[in-house]
Structure formats: structure tokens, C-alpha cells
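Structure first, commentary second.
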Amino acid sequence: MLTSERKRIILENIRSEGSVKLKELMELTNSSESTIRRDLNDLENKGLIVREHGGAALRNNYEESVDDKSTLYTDEKEEIGKYAASLVQNGDCIFLDAGTTIFHIIKYLENKDILVVTNGINHLEELKRYNIRTYLTGGLIKFKTKALIGRETIKTLVDYNFDKCFLGVNSISLEKGYTTPDPEEAFVKSTAKDLSKKVYVLADYTKFGKVSFAKIASLEEAIIITDKVQKEYSEKTEIKVVK
């Protein structure tokens, strides 16, 4: 197995599981302990993971680009987006966050008489394609996630009131709630939450049981739309399962 392929497999498993043991990675890649240790050292030096005793974990401030995330769990995101769109009624004013799962809502909003506000520049072509009336916030362009963030974004948002907002997150924890690596993005999401009558977090099953750097909201502040049953989380907030 090529080094690049082995590192890709290692990183994908750490992203999916949150943390992975050294032995698991050895079995997964059919590699020696010394080889895996060398790969983990390299990934840690690049700031992608943090070494732990007997394995490695994802850094809580690590963030994938929107291009990378858009290719992951696309079937799950499609089902989640389709269900979320079914909650939008004619006459609604909604906020669409700049997440890759949120992107999958848009095509299912076609022919609905609604108004959208978004900070996701990656959403614009899709919104245009389906002729959805849209306001784009101001703000600083964060190229990695194709989101508008910062003071100007907040200044735009506080002039609006939303019937519903749909947020993407990096992590969901029973104790820490909804989190994301970037504090400025977290503030935008939190502001939209505070301006909305109903708040929905769209997240595939890989987001659960993890914590990122910056808090968006407590668990009970949003309804979760996901693809797999998360029983322990349903005791703290409402969960809609699409499969």
C-alpha cells in the first residue's frame, strides 16, 4: 500500500471515529507498528491529529475544507436535506448555514414561496438554479468553508427574524452540545439560532460523541435531523431520524 493511501485511510478512520487505537490501524492497513507510528507522527506534525496513549485522535480545532466534506456521506446528507426541506412552509423566512449538509436542502425548496438568508457562498449557484429569493450576508470570506463570517456578517443577521434556521455542525456531545472548530463561525451560527423561532441542526451519524473547539449551543436548543437513532441524545432534545 502506498504511503499516501495508508495515511488517507488512517485519517478517514480517525475522522469517523474521533479516536482510533494503534492496533486497529495496523490491522486496517496491514502495516507494522513502526510504520503506523511514523504515519501518525507525520499527521500530527501537519496539525491534523493529536497522538494519544496507544493511538490517535482528531484535533478539536481541525477543520476540513468544504470541498473535502462535500464528498463524504453524500447519501446520508441527501436524505437529511430532503427531510429538512419538507419542514419549510410557504411564507417562511429561513436561514441556511454554510454547511455541506445544508446544501442538500436547496433543490427540495423549489417552487416554495419562501425567503432565504445565507452566509454560504457555496449555496448561491444552487439557489439561483432553483430561483429561490435570497439575501446574502456581508462579511469576511472564509475560503476553506466558503462561509461569510465576522462582524459584518453579524451586523447583517441581527436585522432579520427567521421562522426556521438550519445549521451544520462539526461535533455533537451530550455534555458540550453543538460545537465547531472556528469561534467566528460558531458566533454566526449562534446568532442565527437566537433569531429563529425553530432551530434545526443537520448532522450525519459521524458527528455524534465528538467535541470541537467553539460552542454554538447547548443540546436542548435545537432539534437534530440525522440518519441514525441516537437514543441517549433523544433524552435531552428532539431528534428526527430520516432512515
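Here, each number is a calculation from the coordinates, and none is a lab measurement. In this text, all values refer to a predicted model and were calculated from it rather than measured experimentally. Neighbour counts are summed over all protein chains in view; Cβ atoms, including those assigned to glycine, are modelled from backbone coordinates with ideal geometry.
How high is the relative contact order of the chain, in percent, counting Cα pairs under 8 Å that sit 6 or more residues apart?
Relative CO of the chain lands at 16 percent.
For ASP163, ASP194, ASP97, what's the fewest-to-most ordering of other Cβ within 10 Å of each Cβ?
ASP194, ASP163, ASP97
In a Gaussian network model over the chain where Cα atoms closer than 10 Å are linked, find which of LEU11, LEU87, LEU124 has the largest mean-square fluctuation.
Evaluated over the chain, the most mobile residue of the options is LEU87.
How charged is the neighbourhood of LEU174? Take every other residue with its Cβ under 10 Å from the Cβ of LEU174, and add Lys/Arg as +1 and Asp/Glu as -1.
Around LEU174, the charge tally is -1.
Among HIS104, HIS53, HIS123, whose mean-square fluctuation peaks in a Gaussian network model of the chain (Cα, cutoff 10 Å)?
Its mean-square fluctuation being the largest, the pick is HIS53.
Rounded, prolate or oblate: pick one for segment 66-241, where a ≥ b ≥ c are the square roots of the eigenvalues of its C-alpha gyration tensor, a/c under 1.5 means rounded, and failing that, prolate if a/b is larger than b/c, else oblate. Could you put the intermediate results ahead of the total?
Values: a/c = 1.40, a/b = 1.20, b/c = 1.17.
In terms of gyration-tensor shape, rounded.
Determine the alpha carbon to alpha carbon distance for each of LYS176/LYS240; LYS7/LYS193; LYS21/LYS164 and list only those over 32 Å.
Long pairs (Cα-Cα over 32 Å): LYS7/LYS193; LYS21/LYS164.
Please report the relative contact order for segment 71-131, taking Cα pairs under 8 Å with a sequence separation of at least 6, and give it as a percent rounded to a whole number.
Computed value for segment 71-131: 36 percent relative contact order.
Taking the chain as a Gaussian network, Cα atoms linked when under 10 Å apart, which of GLU221, GLU27, GLU184 shows the biggest mean-square fluctuation?
Checking each option, the largest mean-square fluctuation is seen for GLU27.
Taking H placed 1.01 Å from N in the peptide plane, check which residues at least 5 places from ALA217 or on another chain put their amide H under 5 Å from its amide H.
Under 5 Å from the amide H of ALA217: TYR178.
PRE reach from LYS82 (point 7 Å along Cα→Cβ): which of segment 199-227 fall under 14 Å by backbone N?
Zone members listed by number: 227.
Would you work out which of PHE103, SER190, TYR160 lies farthest towards the positive end of the dipole of segment 66-241? Charges go on Cβ: Lys and Arg +1, Asp and Glu -1.
Checking the options against the dipole of segment 66-241, the answer is TYR160.
Given the C-alpha centroids of segment 218-243 and segment 1-26, what is the distance between them in whole angstrom?
28 Å
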